[in-house]
1. Can you list residue pairs whose Cβ atoms sit under 9 Å apart, with the first residue in region 129-147 being among the charged types (D, E, K, R) and the second being at pLDDT below 95? Count only pairs 6 or more apart in sequence or on different chains.
2. Looking at region 112-122 only, could you name the residues that are part of a helix (DSSP H, G or I) and either modelled with pLDDT of 95 or more or farther than 12 Å from N9 by Cα (or both)?
3. Give me the residue from region 117-170 that is polar (S, T, N, Q) and surrounded by fewer than 20 Cβ atoms within 10 Å (Cβ to Cβ) and, out of that set, farthest from N59 (Cα to Cα).
4. Given (1) touching a Leu at 6+ places or on another chain (Cβ under 7 Å); (2) at pLDDT below 75; (3) closer than 24 Å to F199 by Cβ; (4) assigned to a helix (DSSP H, G or I), where does S93 come up short, assuming only one miss?
5. Inspect all residues belonging to region 40-55 and state whether any of them is modelled with pLDDT under 85 and either of a type in the set (K, R) or in contact with a Gly (Cβ under 6 Å, 6 or more places away or on another chain) (or both).
6. Residues I229, I217: which one is over 15 Å from the mean Cα position of the chain (by Cα), surrounded by 12 or more Cβ atoms within 10 Å (Cβ to Cβ) and within 22 Å of L91 (Cα to Cα)?
Amino acid sequence: MFKRELKCNFKNFMIWTIIILVLFGVVFAIYPSIASSDNIKSIDELAQIFPPEILSAFNMDIASLSTMFGWLKSEGFVMILLIVGVYAGILGSNILVKEENDKTIEYLNSLPISREKIVLSKAFVGIIYILLITITISIFNFIGLELSGDYNREQYILMSITPIFSSLVIYSLCLFISTFTHKKKNTLGLSLGIVFISFIFNAISGIDKSVAWLKYISVFTLADIRNVILNIEVNPIMIIISFLITSVFILLSTINYKRKNLV
């Protein structure tokens, strides 16, 4: 069952990975020419006209766009968080319900496999692919940074693991939601909505104190990138919360799937 799931989800993993690597490969290829021109100075100066709260939302108040590493600390990792989050959401919403959608659930039911094992096998396969896509992106960008110039290696390594915390929660939440339906199309839009709304909440939570509470209902708060950039450390509380929430949603998914009518 486990090997079957790895094989079934490998193609989508490769497509997402290739697209992301090509995107960042293009950035690494063209950024040196941008950074060496006067344009980059103009961009840094232009950024200063924005309110501090806006700059803070994208870490542009603590990172300069004059280097590739500076871009990664601001816009780059915001992009990684969002892309990996979308991948995790789609994976979580599809990995269970696709068996019913594709009418292959009858085959699974004919095997001597409990529903609990089906859920756990699929859940762990999804977690593996989320870890793999995060690690692959991290290694690719690490090589790019090694070739492009100076950067803080420890800071980058800690930053590179932060997408895991938010993505695992998104994945497990969408997995749980998928146990209430039989069609992929019913969960796909909802999973994307969760990702983008959560991202928006996290972005605007720092704009004003009156909306600061929004960060507590955004999964992207768990990534805690700003703390990593400033203090070069990962808050262990965020790690604990992330894995606790993930475990709870996987447990709830297992319980609900065992009760689900798969006809």
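The values are calculated or read from the model by the stated rules, or taken from the named source; none is laboratory data. All values derive from a computational prediction rather than experimental measurement. Note that we place each Cβ from the backbone using ideal geometry, even for glycine, and neighbour counts take in every protein chain shown.
1. E146/R153
2. If we filter region 112-122 for residues that are part of a helix (DSSP H, G or I), which is where we start, we get 115-122.
Once the filter is applied, which keeps residues that are part of a helix (DSSP H, G or I) and either modelled with pLDDT of 95 or more or farther than 12 Å from N9 by Cα (or both), region 112-122 yields R115, E116, K117, I118, V119, L120, S121.
3. Of all residues in region 117-170, those polar (S, T, N, Q) come to 121, 134, 136, 138, 141, 148, 152, 155, 160, 162, 166-167.
Those still in the list that are surrounded by fewer than 20 Cβ atoms within 10 Å (Cβ to Cβ) too: 121, 136, 138, 148, 152, 155.
Numbers: S121: 38, T136: 23, S138: 19, S148: 21, N152: 16, Q155: 14 Å.
Among those residues, the one meeting the criterion is S121.
4. Status for S93: all satisfied but (2).
5. Of all residues in region 40-55, those modelled with pLDDT under 85 come to 40-55.
This time we only want the ones that are either of a type in the set (K, R) or in contact with a Gly (Cβ under 6 Å, 6 or more places away or on another chain) (or both), so: 41, 53.
Yes, the conditions are met somewhere in region 40-55.
6. Values: I229 fails: within 22 Å of L91 (Cα to Cα).
Just a single option satisfies the conditions, and that option is I217.
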